[in-house]
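What follows is a single structure, written as structure tokens, with notes after it.
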Amino acid sequence: QESAVFKTISGSWSSFEFEGKKMIRLSPEPVKQGRIDMGPILPSYDVMISAKILGKQKRRLKPRMGVGLFGTYGFTLRIAAARNKLELVQYREVIAGSPCDWNSSAWQMLELRMRAQKTYWILEGATWAAEAEKPEKPTLVHHAYPASMTHPLYGRGFLTGSPYNSFPIFFDEVK
């Protein structure tokens, strides 16, 4: 059994303490998409990752931030703040999207859940204000079919972000 690991794939990540709580911080420099893999290799297709995220807006520049499953060829659920969209991405291609409310000055919860069925996977994504209750229904639902994939799913859960605006992105309560 593997122990929990953190592996920086891209970007400048660090542990950050604020008011006695430890968080993960993605530095705004260099300005590029950052990704940090965490935990062991995912053992099954019935998995979930969630995090509380804070990204700030500077004038018209807004960050993009998210959580993901199964590394590079897996799935990413991200808030595309500039478009007010919650997007499900697979290998750099948006495969599903839904409108979402994003507030630059408030923490946002983000959750991606994957459930295996006989011939496909159900991916459910949800986002909500951290001080509010989790919604009963997911914000978006997508069915993914293994036969349509170019690579097998293998890897860890991860955090990702693009701090386009010279402000860091903070991640807390990662599960």
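Computed with a 1.4 Å probe over protein heavy atoms only, the accessible area of V94 comes to about 70 Å².
The smallest convex shape that holds all Cα atoms of the range 18-72, its convex hull, gives 134 Å³ per residue.
Pairs of alpha carbons in the chain separated by more than 27 Å make up 21% of all such pairs. Among S50, S15, S104, the residue with the largest mean-square fluctuation in a Gaussian network model of the chain, with springs joining Cα atoms closer than 10 Å, is S15. Think of a 1.4 Å ball rolled over the protein heavy atoms: the chain then has 55 Å² of accessible area per residue. Considering only G125, G68, G34, the Gaussian network model of the chain with Cα springs below 10 Å gives its largest mean-square fluctuation to G34. Residue-wise HN-Hα couplings along the range 72-79, as the Karplus relation 6.51 cos²θ - 1.76 cosθ + 1.60 with θ = phi - 60° gives them from phi, are 3, 9, x, 10, 10, 9, 9, 8 Hz; Gly and Pro carry x. Here, P(r) means the percent of Cα pairs in each 10 Å bin from 0 to the largest distance; for the range 1-94 it is 13, 44, 35, 7, 0.
Stretching the chain fully between S98 and H143 yields a gain of 14.7 nm (0.36 nm per residue, less the alpha carbon separation).
Counting only protein heavy atoms and using a 1.4 Å probe, what share of the accessible area of the range 1-122 belongs to carbon plus sulfur, as a whole percent? Within the range 1-122, the accessible surface is 48 percent carbon and sulfur. Among R25, R59, R78, the residue with the largest mean-square fluctuation in a Gaussian network model of the chain, with springs joining Cα atoms closer than 10 Å, is R59.
With all projection directions averaged, the alpha carbon convex hull of the range 90-159 covers 6.0 nm². Candidate cross-link partners of K175 among the aspartates and glutamates, defined by an alpha-carbon separation under 12 Å and a same-chain spacing of 8 or more, comprise E111.
The values are calculated or read from the model by the stated rules, or taken from the named source; none is laboratory data. Please read these numbers as outputs of a predicted model, since none were measured by experiment. Heads up: the accessible areas ignore ligands, DNA and RNA and are worked out on the full protein's heavy atoms, side chains in. Shrake-Rupley method; radii C 1.70, N 1.55, O 1.52, S 1.80 Å.
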